[in-house]
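Working notes, beginning with the structure itself.
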Amino acid sequence: MGSLIQLEFPEALGDIERSHTLPQSVAYRLSYAHCNYWQHSAFTVLEQYYQTKDIFLYLGEVKTEIDLAVKLHCAAANLYWVYQLEDEYLLLIQHKRKSAELKTREKTHRVVYLPAGDHTAYFEKGGHYLIFYFVVDKKLLLRFQDSSLRFLKRLLEKLDCEHPEFAFTVRLPIDAKTMQFIHRLFDLSRSDELAMEERIPPIILRLIALARQHDSKENQSIGKTVDKLNQIRRQVLENIQEGRLFTIHELAEDFNFNVNYLRQSHKKHYQESLQRFITKSKLAEAYRQIADEHRAPTEVTHALGFYDGAAFTNAFKKEYGIVPSDLFQKKW
């Protein structure tokens with residue numbers, strides 16, 4: 001039995017020994033799992049995977065003393081529930097002639113749509129990585145309560161679109177209840193395969209239900225965040241028009257945001273940094289004052305908080321294709 005994803009290591013690394021024997025140092029064991037154990041002088045990669053009638057389970061463990069790039073060959077597109085249990089690594093997903101970077105964070109999970117084709121996972125040296133994921137056949141979801149098939153259909157429609165940023169869902173924390181169900185899978189006692197077929201699906205379906213609950217809470221939180229971001233953007237515009245100067249730190253304090261979270265959230269929802277939005281808005285107001293109010297560029301520069309005249313001129317020309325002084329002369 002083969003894994004859904006086949007691994008390929010760089011040829012430059014030379015010979016890599018491969019066996020199907022589980023080492024004693026393994027972090028977790030999957031009952032009845034198939035095993036691929038790759039050994040190199042600088043790294044080891046361990047795969048354990050198990051196929052039930054409707055579910056594919058995979059547990060990967062990577063230890064490396066070098067920066068390691070592993071190519072992933074996916075024969076068919078699939079939807080993966082990925083749980084990053086230890087360390088962080090980068091996955092580069094090739095999606096409709098574009099690429100999307102997915103940074104998996106320790107103790108988080110997300111749903112990832114992997115199209116057919118080749119993708120690449122990057123592991124930094126000195127790391128110990130533990131990745132658990134599963135793939136569920138849609139027929140199983142038909143038997144799952146609470147309209148989960150419709151949930152899956154909406155999710156696939158969102159993920160399988162032209163934009164690479166939709167190759168995966170928002171990152172969510174792995175809470176204690178989720179870890180409890182994952183450990184149940186790892187701690188299954190060896191029994192006959194019929195018993196495994198009966199025990200694994202209920203645990204997996206519970207993990208999906210928990211993921212949906214987390215996703216619902218996150219969406220509510222995102223909605224509140226977007227409302228605040230819209231308020232912040234309105235305040236930025238009002239402050240600029242009224243000639244008030246401010247900083248991102250002051251905006252964060254006014255709206256009870258962590259500064260880094262504010263920056264990240266704005267970048268995520270508007271595809272531009274908050275600082276870029278502020279600068280662009282200031283330049284737009286500068287253009288209006290020079291063109292409509294006939295204010296001198298030097299006066300506008302200081303009024304809007306541009307303390308470096310050369311930097312203001314360069315930014316203005318980059319934005320509008322004309323320097324402020326030429327606009328001033330042109331309009332009058």
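Just a few scattered comments:
- Test: LYS153 is at pLDDT 80 or above and either exposed (fewer than 13 other Cβ atoms within 10 Å of the Cβ) or in a helix (DSSP H, G or I) (or both): no
- All positions within segment 280-295 that are open to solvent by 30 Å² or more (accessible area, probe 1.4 Å) and either without any contact (Cβ under 8 Å) to a residue 12 or more places away in the chain or under 22 Å from ASN239 (Cβ atoms) (or both): LYS280, LYS282, ALA284, TYR287, ARG288, ASP292, GLU293, ARG295
- Count - residues of segment 302-329 that are assigned to a helix (DSSP H, G or I) and either in contact with a strand residue (DSSP E or B) (Cβ under 9 Å, 6 or more places away or on another chain) or free of Cβ contacts under 8 Å to residues at least 24 places away in the same chain (or both): 10
- Lone unmet requirement of (1) assigned to a helix (DSSP H, G or I); (2) on the phi > 0 side of the Ramachandran plot for ASN256: (1)
- Criterion: open to solvent by less than 40 Å² (accessible area, probe 1.4 Å), modelled with pLDDT under 95 and at negative phi - qualifying residue of VAL70, VAL26, VAL62: VAL26
- Answer residue from segment 41-91, given it is touching a residue at least 12 places away in the same chain (Cβ under 8 Å) and of a type in the set (Gly, Ala, Ser) and is nearest to LEU114 (Cα to Cα) among those: ALA77
- Candidates are the residues of segment 85-108 that are open to solvent by less than 40 Å² (accessible area, probe 1.4 Å) and within 10 Å of the chain's Cα centre (by Cα); the one that is modelled with the highest pLDDT is LEU91.
- When segment 269-284 is filtered for residues that are of a type outside the set (Gly, Ala, Ser), closer than 24 Å to ASP227 by Cα and part of a helix (DSSP H, G or I), the ones remaining, listed by number, are HIS269, TYR270, LEU274, GLN275, ARG276, PHE277, ILE278, THR279, LYS280, LYS282.
- Filter result (at pLDDT 85 or above and open to solvent by 50 Å² or more (accessible area, probe 1.4 Å)) within segment 180-201: GLN180, HIS183, ARG184
- Among the residues of segment 121-134, the ones that are assigned to a strand (DSSP E or B) and open to solvent by 30 Å² or more (accessible area, probe 1.4 Å) come to 2 in all.
Results for (1) assigned to a loop (DSSP other than H, G, I, E, B); (2) open to solvent by 100 Å² or more (accessible area, probe 1.4 Å); (3) not hydroxyl-bearing (Ser, Thr, Tyr), shown as yes or no for each residue.
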residue	(1), (2), (3)
VAL226	no, no, yes
ARG233	no, no, yes
LEU237	no, no, yes
ARG244	yes, yes, yes
HIS249	no, yes, yes
ALA252	no, no, yes
ASN260	no, no, yes
GLN264	no, yes, yes
LYS267	no, yes, yes
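The values are calculated or read from the model by the stated rules, or taken from the named source; none is laboratory data. Just so you know, these numbers come straight off a predicted model, no measurement behind them. As a convention, Cβ positions derive from the backbone with ideal geometry for all residues, glycine included, and neighbour counts pool all protein chains shown. The area values use the complete protein model at the heavy-atom level, side chains included, leaving out ligands, DNA and RNA. Shrake-Rupley method; radii C 1.70, N 1.55, O 1.52, S 1.80 Å.
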